[in-house]
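What follows is a set of notes on a single structure, which appears directly below.
The values are calculated or read from the model by the stated rules, or taken from the named source; none is laboratory data. Predicted model only: the values in this text are computed from it and were never measured. For neighbour counting, all protein chains shown are included, and Cβ atoms are generated from backbone atoms with ideal geometry for every residue, glycine included. These accessible areas exclude ligands, DNA and RNA; they are computed on the full protein's heavy atoms, side chains included. Shrake-Rupley method; radii C 1.70, N 1.55, O 1.52, S 1.80 Å.
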Amino acid sequence: MIRLFFFILLISASSMAQIKEAITEPQGVNTDAVIIEKDGKIIYQYYNRGYTPSTPHLSWSMAKTITGFLIGQASLEYKFSIEDKVSKFIPDFKGSARIIDVLQMSSGINFSEDYFGLPVSSDVVKMLYLDGARLGATEYVKTLPRRENVKPGDHFFYSSGDANLLMEILKKVINNDQVYENYPWEKIFKPLGIEHATFERDRNNIFIGSSYIYMSAPDYLKIGQLIMNNGLWNGKQIIPEFYIKLLHTVAPGVDKIAVGGTSSARAYSMQATTNLPILGRGLEPEYEDLPLDAILLLGHQGQLIVASPSQKLVIVRLAMDKGAKFKKKTFFSAVKDLINSTDAGAYTTAGDHKNPALKSPKPSEGLTGKLHIMDLFKVPLLIRSYAAKEYCSCRFVVGRSHEDCYDDVALTMPIMPQIHVTDGENGTKKITTTFFIGDENTTEFTGEKFGCRLVN
């Protein structure tokens with residue numbers, strides 16, 4: 001019996017070592033926090049780079065899932081249907097897309113999603129730091145043309161622009177600025193006991209639902225727990241049952257075609273990713289070491305939440321990776337080994353339900369937008385805008401030091417601008433970046449609730 005006990009301890013220690021290796025290697029993988037919870041118990045926890053259980057962390061695209069939840073809740077409260085056309089609420093929106101098409105990344109908007117290097121031609125970069133910072137995120141999205149040869153609802157293309165459209169729809173539906181600006185807190189954060197959350201907005205005071213929520217690792221764990229509990233929290237149905245059902249259903253457009261430039265392996269549902277097979281294209285689940293019913297929230301620079309109702313599992317990973325070097329499949333394999341070593345092998349995954357009729361998906365890299373010669377002149381502007389925005393949020397929302405924030409921003413910058421911090425009115429902070437003489441960009445921090453926003 002004693003030998004068996006020590007044997008189990010040895011296996012568990014080996015599994016934990018595998019996880020540690022997966023979240024710290026290779027060079028460029030900068031894991032800030034990991035929490036693994038199984039059957040209501042935290043079986044692994046890790047913090048690094050000065051992050052603690054109380055430190056806020058940027059969500060990047062994990063915010064999209066919360067955006068979708070808010071639309072689901074509002075549809076019941078304000079009596080509209082997700083089958084309604086977007087143009088019903090945004091009259092200047094061109095196209096026939098319905099709200100559900102936008103939720104499922106099938107709006108038909110010709111949007112390019114690329115982050116690496118200095119992608120000045122990428123629509124997501126233009127939306128967040130260039131034209132969209134001047135016009136407003138959704139105002140920029142509405143200027144984009146429609147895709148040719150595909151219809152809304154009949155394809156899949158991952159687009160942060162779609163998520164931001166949802167937040168303008170929400171604003172139009174609520175039609176009350178004070179109610180709108182409190183809606184995420186009243187409907188999600190407060191019910192889950194999340195005391196400190198930041199949700200940043202664009203220049204038109206519309207939440208940037210694609211990218212900019214800040215919470216601590218234990219608070220992101222609560223989002224995962226909410227999904228694991230099928231939208232129930234303390235006996236109350238926080239997320240509508242109809243939405244939970246769609247959350248666990250591969251979107252019709254995914255079954256038909258993934259437009260070039262987006263992942264052909266991603267079994268997307270409603271502002272989140274499933275681990276289900278894509279039956280329409282004969283593809284098996286992407287992650288064999290995760291449960292079939294796992295819902296994944298995936299974000300830029302390695303953000304990750306996994307939630308499985310059947311296995312009572314939640315995984316959170318927060319990071320600031322340089323490039324796409326983090327190996328999710330290696331990490332999920334190590335998590336499986338850890339669970340099996342501590343849970344007597346009671347962990348069932350997609351790999352346990354292999355269907356020989358399905359083929360392995362081939363992950364594809366996103367394509368960059370077309371580079372125009374005039375875009376090259378925007379590189380200094382992008383350097384200043386990105387540095388001003390991300391440094392501001394790092395310093396005054398997250399609360400990291402100047403040195404740490406400078407290093408974090410520099411992960412994606414070939415050269416850093418000069419950064420100046422000054423006091424604004426009513427306790428605000430202003431961050432100004434200069435790159436060439438006479439050129440500068442300014443971001444303003446207005447408090448914990450709304451964080452930072454580019455103001456010029």
Tabulated pairs, segment 170-198, first closer than 25 Å to LEU221 by Cα, second in a loop (DSSP other than H, G, I, E, B) and open to solvent by 10 Å² or more (accessible area, probe 1.4 Å), C-beta under 6 angstrom, 6+ apart or interchain: PRO191/ILE238; THR198/GLU448
Does any residue in segment 393-418 that is farther than 13 Å from ASN30 by Cβ come within less than 6 Å, Cβ to Cβ, of a residue that is open to solvent by 40 Å² or more (accessible area, probe 1.4 Å) six or more places away or on a different chain, and which pairs are these? PHE396/LYS429; CYS405/ARG395; PRO417/PHE435
Test VAL335 against the stated conditions and say whether it is at pLDDT 90 or above and in a strand (DSSP E or B). no
Can you name the residue in segment 133-171 that is under 27 Å from ALA410 (Cβ atoms) and at pLDDT below 95 and is also surrounded by the fewest Cβ atoms within 10 Å (Cβ to Cβ) among such residues? ARG134
Segment 12-44, residues that are among the charged types (D, E, K, R) and part of a helix (DSSP H, G or I): LYS20, GLU21
Subset tally (residues that are surrounded by fewer than 20 Cβ atoms within 10 Å (Cβ to Cβ) and β-branched (Val, Ile, Thr)) for segment 248-258: 2
Number of positions in segment 397-456 that are more than 29 Å from THR52 (Cβ to Cβ) and open to solvent by less than 60 Å² (accessible area, probe 1.4 Å): 6
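Looking only at residues that are modelled with pLDDT under 95 and open to solvent by less than 20 Å² (accessible area, probe 1.4 Å) in segment 259-287, which one is farthest from LEU298 (Cα to Cα)?
GLY261
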If I filter segment 65-124 down to residues being more than 22 Å from SER263 (Cα to Cα) and among the hydroxyl-bearing types (Ser, Thr, Tyr), which single residue comes out as least open to solvent (accessible area, probe 1.4 Å)? SER75
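Which of the residues spanning segment 350-387 are modelled with pLDDT under 65 and either within 23 Å of the chain's Cα centre (by Cα) or of a type in the set (Asp, Glu) (or both)?
PRO363, SER364, GLU365, GLY366, LEU367, THR368, GLY369, ASP375
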